[in-house]
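Chemist: Got a structure for you, written out below as structure tokens; questions coming shortly.
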Amino acid sequence: MPEPTIKSDAHRDPLANWNGALMPLSEVKVSVLDRAFLFGDAIYEVIRIYGGRPFLFEDHVARLGRNLEKLNLPADAEAIAGRTRETIAASDVVEGIVYIQVTRGVAPRTHQFPVPAPQPNELIYVADFKDPYVSVRQQGVSVIVVDDMRWKRCDIKSVNLLANCMAAQAACEAECAEALFVDGNGRLTEGSRSSLFGVRNGTILTAPLRENILPGITRKLLMQLAEECDFPMREEALHLDNLSEIDELFLTGTTTEILPITLVDQRKIGTGTSGPIATKLYDAYKKTVDQLATTTG
Ligand code: PDD
């Protein structure tokens, strides 16, 4: 007889909001003619929930709104924000994530955007999520470097993530936590699902916001925290050839938080342990999370 399936809390069916209707995620049905399925014609957001509240919510909603505009998608970010809050409230998720995806909707398959514009499909779901890096955050993680073979509009948070998935898979096969993208000029852009920071002679460095990286919400918070901690900071891309000059390296992201890197392609960064600046910034990050519990709304 087969073993009975044990449904642990971590794998329970997330609560979804599909075009305004609440339902279990497993019950959401979508047409194969949805342009997200055919063309990847959709954008998304991932937002962390701490203590039942969405973290950095306004920033995520603002980025969602900018992406809707960039792709001329006729959906209303504020209405989605309201629905997201309702879905979080209707769920009993305490530590989790909200996933939001807006697609151009269902239409006969043509490459150009259909006229008249179809009704966008709006998916929100709220799922349990626990820090996957809790046991390694102090000692730091290993990463690999892969060619940045993504398209030239990585500033748009689209669901076209095949290059990111391939990079993450390569990292996984190398038993590494993340893959860093390097462009044709040897500049490190970002991770497959995270932003990248380094520290050289006490100054924090990160690639400037251009169309080749995602404007990370955690990246923005990190820059604010660095300022509050009086750490000098400059938007300057790190160079693969100059990693020996780097004292600390770390990733930031919604699901990553702040994660020190100690090995890049087996090469030691700094002393090979997590550095004091990343540690201080992670403490400041945690304080910001704690403040969420005392805010209203
Ligand atoms: N990824 N860069 C890329 C390519 C990303 O996919 C992400 C986030 C980030 C960090 O952005 P933020 O701080 O706004 O999360 C940077 C999300 C979490 C994901 O795809 O699951």
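Chemist: Within 15 Å of the ligand (Cβ to nearest atom) and assigned to a helix (DSSP H, G or I): does that describe Asn164?
Modeler: So Asn164 fits the description; yes.
Chemist: Report the residue count in region 64-82 for those that are loosely packed, with under 13 Cβ neighbours inside 10 Å and assigned to a helix (DSSP H, G or I).
Modeler: 4
Chemist: Still on this structure: When you scan region 165-191, how many residues do you find that are surrounded by fewer than 18 Cβ atoms within 10 Å (Cβ to Cβ) and closer than 25 Å to His60 by Cβ?
Modeler: So the answer is 1.
Chemist: Can you list the strands (runs of 3 or more DSSP E) found entirely within region 13-63 that contain at least 2 residues being surrounded by 15 or more Cβ atoms within 10 Å (Cβ to Cβ)?
Modeler: Once the strands (runs of 3 or more DSSP E) in region 13-63 are filtered for at least 2 residues that are surrounded by 15 or more Cβ atoms within 10 Å (Cβ to Cβ), what remains is 15-18, 42-50.
Chemist: Picking from Leu221, Leu249, Leu209, Leu225, which residue would you name as being within 11 Å of the ligand (Cβ to nearest atom), modelled with pLDDT of 95 or more and outside the structural domain of Gly52 (by TED's automatic domain parsing)?
Modeler: Answer to the check: Leu221.
Chemist: Quickly run through region 172-203 and pick out the residues that are under 17 Å from the mean Cα position of the chain (by Cα) and hydrophobic (A, V, I, L, M, F, W, C).
Modeler: If the condition is that a residue be under 17 Å from the mean Cα position of the chain (by Cα) and hydrophobic (A, V, I, L, M, F, W, C), then Ala177, Ala179, Leu180, Phe181, Leu196, Phe197 are the ones that fit.
Chemist: Please name all residue pairs, on different chains or six or more residues apart, with Cβ atoms under 7 Å, provided the first residue is in region 183-200 and is within 16 Å of Cys165 (Cα to Cα) and in contact (Cβ under 8 Å) with a residue 60 or more places away in the chain and the second residue is within 14 Å of the ligand (Cβ to nearest atom) and of a type in the set (D, E, K, R).
Modeler: Gly191/Glu178; Ser194/Glu178
Chemist: Something else: Are there any pairs with C-beta distances below 8 angstrom linking a residue in region 30-46 that is within 14 Å of the ligand (Cβ to nearest atom) to a residue that is among the small types (Gly, Ala, Ser), with the two at least 6 apart or on different chains, and if so which?
Modeler: Gly40/Ser158; Ala42/Ala36; Ala42/Ser158; Ile43/Ser158; Tyr44/Ser158
Chemist: A further question follows. Which of the residues belonging to region 86-104 are among the hydrophobic types (A, V, I, L, M, F, W, C) and either assigned to a loop (DSSP other than H, G, I, E, B) or crowded, with 19+ Cβ neighbours inside 10 Å (or both)?
Modeler: Ile88, Val93, Val94, Ile97, Val98, Ile100, Val102
Chemist: Which of the residues that make up region 189-206 are basic (Lys, Arg) and within 11 Å of the ligand (Cβ to nearest atom)?
Modeler: Arg193 - this is the single residue of region 189-206 that is basic (Lys, Arg) and within 11 Å of the ligand (Cβ to nearest atom).
Chemist: Would you please name the residue that is nearest to Arg153 (Cα to Cα), looking only at residues in region 192-224 that are touching a Leu at 6+ places or on another chain (Cβ under 9 Å) and surrounded by fewer than 19 Cβ atoms within 10 Å (Cβ to Cβ)?
Modeler: The qualifying residue nearest to Arg153 (Cα to Cα) is Pro215.
Chemist: Counting only residues that are among the β-branched types (Val, Ile, Thr) and either in a loop (DSSP other than H, G, I, E, B) or more than 18 Å from Gly198 (Cβ to Cβ) (or both), how many does region 131-149 have?
Modeler: 2
Chemist: Further question: For the structure I just gave you, tell me whether Gly297 is more than 16 Å from the ligand (Cβ to nearest atom), surrounded by 13 or more Cβ atoms within 10 Å (Cβ to Cβ) and at pLDDT below 95.
Modeler: Here the answer is no, as Gly297 does not meet what is asked.
Chemist: Give just the number: which of (1) over 19 Å from the mean Cα position of the chain (by Cα); (2) surrounded by 15 or more Cβ atoms within 10 Å (Cβ to Cβ) does Ala127 not satisfy?
Modeler: Result: Ala127 passes all but (1).
The values are calculated or read from the model by the stated rules, or taken from the named source; none is laboratory data. Keep in mind that this is a model prediction, so the values were computed, not measured. So basically every Cβ, Gly included, is an ideal-geometry build from the backbone, and we count neighbours across all protein chains shown.
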